[in-house]
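The values are calculated or read from the model by the stated rules, or taken from the named source; none is laboratory data. All figures in this text were calculated on a predicted structure; none of them were measured in a lab. Every residue, glycine among them, receives a Cβ derived from its backbone with ideal geometry; neighbour counts consider all protein chains shown. Side chains included, ligands, DNA and RNA excluded: accessible areas come from the protein's heavy atoms. Shrake-Rupley method; radii C 1.70, N 1.55, O 1.52, S 1.80 Å.
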Amino acid sequence: MSTFKAPKGTYDLIPPQSAAFLAVREAIAAPLRSSGYGYIETPGFESVELFARGVGESTDIVTKEMYTLTTKGGSELALRPEGTASVLRAALEANLHKLGNLPVKLWYSGSYYRYERPQKGRYRHFSQVGAEAIGAEDPALDAELIILADQAYRSLGLRNFRILLNSLGDKECRPVYRTALQDFLRGLDLDEDTRRRIDINPLRVLDDKRDDVQKQLVGAPLLVDYLCDACRAYHDEVRALITAAGVVYEDDPRLVRGLDYYTRTTFEFVHDGLGAQSAVGGGGRYDGLSEMIGGPSLPSVGWALGVDRTVLALEAEGITLELPPATSVFAVPLGEEARRVLFATVTELRRKGVAADFSYGGRGLKSAMKSANRSGARYTVVAGERDLAEGVVQLKDMESGEQEAVALDAVVDKLRSLLA
Ligand code: HAM
C-alpha cells in the first residue's frame, strides 16, 4: 500500500469488477443508441452560475454539495454535480436546436461529483449514463425515455425495480399548488430550518424523511389535485403510452426530485434491495430550463441512471453478468527463442483482430499456465526449443484440455478459423 488512499467517498474501479461497470454503461446506452440518440461529451467542470441557475439556488446540490473552485484566472467553476444543465448549455452553444431537427436527442456517460455524506450507494464521485431529448413537447417522448430505461434495466436481468411517476405541473398550476401547500405547512409544528424551507422550496418539505414530520404531512394537499387541464391531459397521455408498452409503473403523488428544473412528468426508478439509497435513476421534463440559462423556449425531457447503484442492484439480485472473456488466445513461450517467435505470433493475431495476450517476464510453464487460465482464453499456444526445432507449436484447447501440435506458419489461420 502507498501513503495515499482514494479520497473519502470515492472508490477505484479495478478488474475484474470494473468489467461489470463497463457492461452496465453499455447496456444502458444500447437502447438509446438504437433510438436516435447521439453521443455528447461535455467538460467535467462548468461555471458555477450554470448550476446555480439551472439546478436551482435552493437545492441541496447547489447550496451544500458542489465542489467549487476559483481558477488562477479568477473564474468560478464547479465540478459538474449532474449532466442536464451542461448538455443543454452545450446544445444551445452549438445551435443544435436551430438545425430544424427537433427534438435534439443526446446521450452521455461520465463522472459526476457531489459533496454528500458518503454511505453505501452514495458517493462523492459517481457515474451516470443519461439521455436528454431537447426541444419537443410530446408525451410520446416522455414515454419513450421511460420505456428505454426500463428496457435497459431488463436487458441486464434486473427485476426488483419499480418506476414511480408523478407530474409537477407547469407555470400555470404549480404556483397555485405551492401557495396551498405553504398555507398547510405553516400550520404545522416544524423546526426553524424546515419553516424557512416553506418559503423557499415547500415541495422539498414533502420529501422530509423524519417520522414526526411525515406524520404531520398525512393530510397535505397533493399536486395531482391541482393540475391544470393541459397538464392533466399531458400526464394521462404519458401514462397511457407507458401502459400500452407493457411497462408497469406506480403513481407517486409525493414524488419530489432534488433538482428545481422539473415541470410536468417526473419519475424515479427505485430498487428494493438497496436500502436508503434506493433511487437507481431519475428524470423528468424540464420545459423552462433553457430559458433559465438564457436560451429560447425549448421544452425538454431526460433522465440519468446511476451506474454505481445499478451495479449494486445487480449484486442485490444476485445477478452475475455473463461477460465474454477479454482474451481469446494466450501465448506461453519457454525459452528465449520461443519468446521472440511467439511474440511475433501474438502481434500477428492482434493485427488480424484476435484478442491475444502473452506470458511476460520469462516465467515457468506452471505459473504461465495459471495466467492463461485466469485470462479466460479459449486457446493457449505453448512452444519450447524442441517444438521450434520441428517447426511446430502446441495448441491447447482450454475447454476440452486437448492439445495438438500445429505448424508454426499455420497457427494464426488455424486459430482464426477455430474462433470464427
Ligand atoms: P439525480 O436523481 O440527481 O438526477 O441523479 C440520477 C441518478 O444518479 C440517481 O438516481 C442515482 O442513481 C445517481 N446518483 C446521484 N447522486 C449520487 C451519489 N452521490 N452517489 C451515487 N449515485 C448517485 C440527475 O442527475 C438529473 N440530471 C437527471 C435528469 C436528466 N433529469 C433530466 N434529465
Looking only at segment 244-262, how many residues end up being surrounded by fewer than 23 Cβ atoms within 10 Å (Cβ to Cβ) and out of contact with any Ser or Thr (no Cβ under 7 Å at 6 or more places or on another chain)? 12
What residue, among those in segment 366-394 that are in a strand (DSSP E or B) and closer than 19 Å to Glu336 by Cα, is most open to solvent (accessible area, probe 1.4 Å)? Gln394
Being surrounded by 15 or more Cβ atoms within 10 Å (Cβ to Cβ) and farther than 24 Å from Lys414 by Cα is the filter here, so list the residues in segment 320-365 that pass it. Arg363
Need pairs with beta-carbon distance below 8 Å; first residue near the ligand (Cβ under 9 Å from one of its atoms) and among the β-branched types (Val, Ile, Thr) and within segment 80-101, second modelled with pLDDT under 95 and part of a helix (DSSP H, G or I); sequence gap 6+ or separate chains. Thr84/Gly54
So the check is Cβ under 7 Å with 6+ separation or different chains; which pairs have a first residue in segment 130-145 that's under 20 Å from Ala244 (Cα atoms) and a second one that's of a type in the set (A, V, I, L, M, F, W, C) and assigned to a helix (DSSP H, G or I)? Pro139/Val238; Pro139/Leu241; Ala140/Leu241; Asp142/Val238; Ala143/Val238; Ala143/Leu241; Ala143/Ile242
Would you call Ser297 part of a helix (DSSP H, G or I), at pLDDT 95 or above and in the same structural domain as Ser47 (by TED's automatic domain parsing)? no
Among (1) touching a residue at least 40 places away in the same chain (Cβ under 8 Å); (2) more than 21 Å from the chain's Cα centre (by Cα); (3) assigned to a helix (DSSP H, G or I), there is one condition Leu312 misses while meeting the rest; what is its number? (2)
Those residues of segment 168-209 which are over 20 Å from Tyr286 (Cβ atoms), modelled with pLDDT of 90 or more and part of a loop (DSSP other than H, G, I, E, B) amount to Gly187, Leu188, Asp189, Leu190, Asp191
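Would you check which residues across segment 1-11 are away from the ligand (no atom under 16 Å from the Cβ) and either open to solvent by less than 70 Å² (accessible area, probe 1.4 Å) or closer than 30 Å to Pro324 by Cα (or both) and list them?
Answer for segment 1-11, where residues must be away from the ligand (no atom under 16 Å from the Cβ) and either open to solvent by less than 70 Å² (accessible area, probe 1.4 Å) or closer than 30 Å to Pro324 by Cα (or both): there is none.
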Among the residues of segment 279-290, the number that are assigned to a loop (DSSP other than H, G, I, E, B) and either within 9 Å of the ligand (Cβ to nearest atom) or outside the structural domain of Gly83 (by TED's automatic domain parsing) (or both) is 1
State all residues of segment 117-148 that are assigned to a strand (DSSP E or B) and hydrophobic (A, V, I, L, M, F, W, C); if no residue qualifies, say none. Phe126, Val129, Ala131, Ala133, Ile134
Considering only segment 292-308, I want to know if a residue exists there that is open to solvent by 60 Å² or more (accessible area, probe 1.4 Å) and polar (S, T, N, Q). yes
Considering residues of segment 103-116 that are assigned to a loop (DSSP other than H, G, I, E, B) and surrounded by 18 or more Cβ atoms within 10 Å (Cβ to Cβ) only, the residue farthest from the ligand (Cβ to nearest atom): Pro103
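Specify which of the listed residues (Val218, Val247, Val238, Val224) is part of a loop (DSSP other than H, G, I, E, B), more than 9 Å from the ligand (Cβ to nearest atom) and touching a residue at least 40 places away in the same chain (Cβ under 8 Å).
Val247
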Of the residues that make up segment 411-418, is at least one touching a helix residue (DSSP H, G or I) at 6+ places or on another chain (Cβ under 7 Å) and part of a strand (DSSP E or B)? no
What number of residues in segment 12-43 are touching a residue at least 24 places away in the same chain (Cβ under 8 Å) and surrounded by 14 or more Cβ atoms within 10 Å (Cβ to Cβ)? 16
Consider His271 against the criteria (1) within 12 Å of the ligand (Cβ to nearest atom); (2) within 18 Å of Leu181 (Cβ to Cβ); (3) not acidic (Asp, Glu): it satisfies all of them except one. Which criterion is unmet? (2)
Taking the condition of being small (Gly, Ala, Ser) and more than 11 Å from the ligand (Cβ to nearest atom), how many residues in segment 117-159 meet it? 7
Confirm whether Gly273 is touching a residue at least 40 places away in the same chain (Cβ under 8 Å), surrounded by 15 or more Cβ atoms within 10 Å (Cβ to Cβ), in a strand (DSSP E or B) and in the same structural domain as Val238 (by TED's automatic domain parsing). no
